[in-house]
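First comes the structure, then the notes that go with it.
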Amino acid sequence: MALIATPEQKERLNEQGFFVIESLLSPEEVAVVSSAMDEVEERVRRERNIPPEQNFGMRNGLVEHPAILDLLDRPDILSYIVDVFGWNIQNRDSVLLATDANPGGDPAKLSLGWHFDYEEEFAGAAGGGPMPWIDFKVGWYLSDLTEPGHATILLVPGSHRWDDARRANWQNEIDLDQIFELRVPPGSAMLWRPTLLHAVTPNLSSTKRKAIYVSYTPRWVRPTGHIDHDPDLLAESSPIRRQLLGAMGDLSNPMGSDPRNNPECQYWFTQNWDSVPLRRWAEEQHGGPPFDWGTGYGASTSKGPDFVFTQVTDPRMN
Ligand SMILES: O=C(O)CCC(=O)C(=O)O
């Protein structure tokens, strides 16, 4: 049983590569996050002299404002994330995006062209098949995207399952009738695999489009928008937030209890589950085994400190 995701949502994520939760944030929450984004944009534009005609985009933007950081580990989104990706995770990156209004612009000119995320980064890890499912994004949409052409994201459902031959031939592989344009009210969220082929329409509306993407990846992957977070931020964070920010939940040494004589990267091996507190949280929310994390592709069982090798018979001796 899952914590919150329905079988239909999980199937949609696996088959189509995404599912949408409309109006997950209340109008009041949207107002708080949206004004936090304005505050960050105004400050960063001033500090970096970003000209007004340049759209605003900021990686690792999550840590720029407490109201934005709260999107990382709201219990509702965390339940979805554990359901679809397991608990052995951290934040990989986040990006704040504000796309200015351009009414009268060319409707055929995309504001961001077609791409699969990570084609170069995952090169060699796919063996010619689909790119690995080791990154997962939550898109938070703060402005009204119910009309087409509001810098809405376009997706090609199922393209996360394409092999490299289909990816190379993507222009012929797109079925125009199948392109999905995400049209949602403010406060909606989309959970998606960014190895889907996607693009963004121009913003032909008269309002700025605001979106935030927060990526989750296994703890053993290096993040992109940061390597280590500010120690003060980690110290004041909850254990689960620390895990998601890439530290040990209990602030222990990431190389284990005896880093000099027995170095063991705790992002791979875990001596103490308190350093991965999302596991306990997920199990408590669930109420007991059998667990069903990660849509069948995540961490449902795991080698931990209590693991023993039980298959100790050499079959040649039988
Ligand atoms: O602006 C958007 O909605 C899409 C951003 C994007 O392409 C990405 O996050 O990879």
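The set of residues from the range 271-293 being of a type in the set (Phe, Trp, Tyr) and either assigned to a helix (DSSP H, G or I) or touching a residue at least 12 places away in the same chain (Cβ under 8 Å) (or both) comprises 273, 281, 293. Annotation: of all residues in the range 213-233 being among the β-branched types (Val, Ile, Thr) and surrounded by fewer than 23 Cβ atoms within 10 Å (Cβ to Cβ), the one that is nearest to the ligand (Cβ to nearest atom) is 224.
Taking the listed residues 180, 116, the one that is open to solvent by 30 Å² or more (accessible area, probe 1.4 Å) and not charged (D, E, K, R) is 180, with no other qualifying. The lone criterion from (1) within 16 Å of the ligand (Cβ to nearest atom); (2) surrounded by 16 or more Cβ atoms within 10 Å (Cβ to Cβ); (3) not in a helix (DSSP H, G or I); (4) not charged (D, E, K, R) left unmet by residue 37 is number (3).
Select, from 128, 86, the only residue that is touching a residue at least 24 places away in the same chain (Cβ under 8 Å) and crowded, with 19+ Cβ neighbours inside 10 Å. Steps first, answer last, please.
On the way: 128 fails: crowded, with 19+ Cβ neighbours inside 10 Å.
The conditions single out 86.
Annotation: residue 144 fulfils all but one of (1) modelled with pLDDT of 95 or more; (2) under 26 Å from residue 217 (Cα atoms); (3) within 22 Å of the chain's Cα centre (by Cα); the unmet one is (2). When the range 89-100 is limited to residues that are open to solvent by less than 40 Å² (accessible area, probe 1.4 Å) and of a type in the set (A, V, I, L, M, F, W, C), the one that is nearest to residue 152 (Cα to Cα) turns out to be 98. In the range 159-179, which residues are among the charged types (D, E, K, R) and assigned to a loop (DSSP other than H, G, I, E, B)? Scanning the range 159-179 gives 163, 175.
Here is the figure for the range 78-127: residues that are within 16 Å of the ligand (Cβ to nearest atom), under 22 Å from the mean Cα position of the chain (by Cα) and not in a strand (DSSP E or B) total 8.
Say we look at the range 139-154 and pick out the residues that are closer than 22 Å to residue 77 by Cβ and out of contact with any Asp or Glu (no Cβ under 8 Å at 6 or more places or on another chain); which of these is nearest to the ligand (Cβ to nearest atom)?
So in the range 139-154, the residues closer than 22 Å to residue 77 by Cβ come out as 139-146, 152-153.
Of the ones still in play, those that are also out of contact with any Asp or Glu (no Cβ under 8 Å at 6 or more places or on another chain) are 139-146.
Details: 139: 6, 140: 10, 141: 8, 142: 12, 143: 11, 144: 14, 145: 9, 146: 15 Å.
Of everything passing the filter in the range 139-154, 139 is nearest to the ligand (Cβ to nearest atom).
Say whether the condition of being within 12 Å of the ligand (Cβ to nearest atom), outside any strand (DSSP E or B) and touching a residue at least 12 places away in the same chain (Cβ under 8 Å) is met by at least one residue in the range 180-191. So far as the range 180-191 goes, yes, one or more of its residues are within 12 Å of the ligand (Cβ to nearest atom), outside any strand (DSSP E or B) and touching a residue at least 12 places away in the same chain (Cβ under 8 Å).
Do we have any residue at all in the range 49-61 that's open to solvent by 70 Å² or more (accessible area, probe 1.4 Å), assigned to a helix (DSSP H, G or I) and either of a type outside the set (Ser, Thr, Tyr) or in contact (Cβ under 8 Å) with a residue 12 or more places away in the chain (or both)? Please lay out each step first, then the result.
Our first condition is that a residue be open to solvent by 70 Å² or more (accessible area, probe 1.4 Å); within the range 49-61, this holds for 49, 52-55, 59.
Narrowing the set further to residues that are assigned to a helix (DSSP H, G or I) leaves none.
No.
A count restricted to the range 238-270 and to residues that are open to solvent by 20 Å² or more (accessible area, probe 1.4 Å) and not in a loop (DSSP other than H, G, I, E, B) stands at 4.
In the condition set (1) part of a helix (DSSP H, G or I); (2) touching an Asp or Glu at 6+ places or on another chain (Cβ under 9 Å), residue 235 is compliant with all but (2).
The values are calculated or read from the model by the stated rules, or taken from the named source; none is laboratory data. The structure displayed is predicted, hence computed values, not measured ones. Ideal geometry is used to build each Cβ from the backbone, glycine not excepted, and the neighbour counts take in all protein chains shown. To get the accessible areas, we keep the full protein, side chains included, count just its heavy atoms, and leave off ligands, DNA and RNA. Shrake-Rupley method; radii C 1.70, N 1.55, O 1.52, S 1.80 Å.
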